[in-house]
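Engineer: Take a look at this one; I'll ask things after.
Throughout, read-outs are computed from the coordinates displayed, never taken from laboratory work. Small disclaimer: the values here were computed from a predicted structure and weren't measured. A quick note on method: Cβ atoms are made from the backbone with ideal geometry, for glycine too, and the neighbour counts reach across all protein chains shown.
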Amino acid sequence: IVLGGFSQGAAMAIYTGVQRKEKIGGIVSLSGYLCDMDLVKKINNATMKQIPIAMYHGAQDMIVPTQFGKVSATMLKQCGFDRTEWATFNIPCVPQMNFGHSVNQEELTKLAKFVAATLPKDFDVKGKSNDQSKKTEQKQND
């Protein structure tokens with residue numbers, strides 16, 4: 001499982017993901033932030049702290065300021081979530097349209113690479129391991 005979201009959905013993905021009892025594959029935050037700084041300070045589970053977290057943000061975001069995301073990524077790292085990565089993207093701020101609160105192709109490409117890297121090596125896009133897919137294909141061909 002990779003939890004992710006955009007804006008407040010990203011905040012909820014982080015909030016939910018770091019508290020799960022079972023380890024997940026990763027967390028993706030697009031233009032998001034850590035909504036409870038005290039929460040991550042209390043987490044002592046070393047396994048949970050190994051969750052890969054991608055935090056990507058538009059450099060000119062006027063809705064969720066870029067600084068919110070950057071401070072959140074820094075806090076996660078300081079609290080032991082060492083696999084947190086932070087990146088900004090040049091997304092134009094267009095008043096009356098997106099105010100820089102959007103994603104671009106470069107960010108989506110980085111997101112796709114992050115998700116692909118977090119999935120098990122034998123995972124295919126149909127949600128099955130490659131071994132399961134081969135068995136299904138074999139049955140269909142018989």
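Engineer: Run THR16 past the list (1) more than 25 Å from GLU106 (Cβ to Cβ); (2) of a type outside the set (Lys, Arg); (3) in contact with a Leu (Cβ under 8 Å, 6 or more places away or on another chain); (4) part of a loop (DSSP other than H, G, I, E, B) and report the number of the one that doesn't hold.
Structural biologist: (4)
Engineer: Please pick out the residue among TYR33, TYR56 that is buried (at least 23 other Cβ atoms within 10 Å of the Cβ) and either closer than 17 Å to LYS113 by Cα or in contact with a Leu (Cβ under 8 Å, 6 or more places away or on another chain) (or both).
Structural biologist: When all the criteria are applied, what remains is TYR56.
Engineer: So, one more: Determine, yes or no, whether MET48 is surrounded by fewer than 18 Cβ atoms within 10 Å (Cβ to Cβ) and within 23 Å of LEU119 (Cα to Cα).
Structural biologist: no
Engineer: Here's something else I'd like to know. How many of the residues in the range 71-97 are part of a helix (DSSP H, G or I), within 16 Å of GLY32 (Cβ to Cβ) and more than 14 Å from the chain's Cα centre (by Cα)?
Structural biologist: 4
Engineer: Taking GLY100 as the residue in question, decide whether it is without any contact (Cβ under 8 Å) to a residue 60 or more places away in the chain, in a loop (DSSP other than H, G, I, E, B) and touching a Cys at 6+ places or on another chain (Cβ under 6 Å).
Structural biologist: So GLY100 fits the description; yes.
Engineer: How many of the residues in the range 78-92 are surrounded by 15 or more Cβ atoms within 10 Å (Cβ to Cβ) and either out of contact with any helix residue (DSSP H, G or I) (no Cβ under 9 Å at 6 or more places or on another chain) or more than 15 Å from ILE14 (Cβ to Cβ) (or both)?
Structural biologist: Number satisfying all stated conditions: 4.
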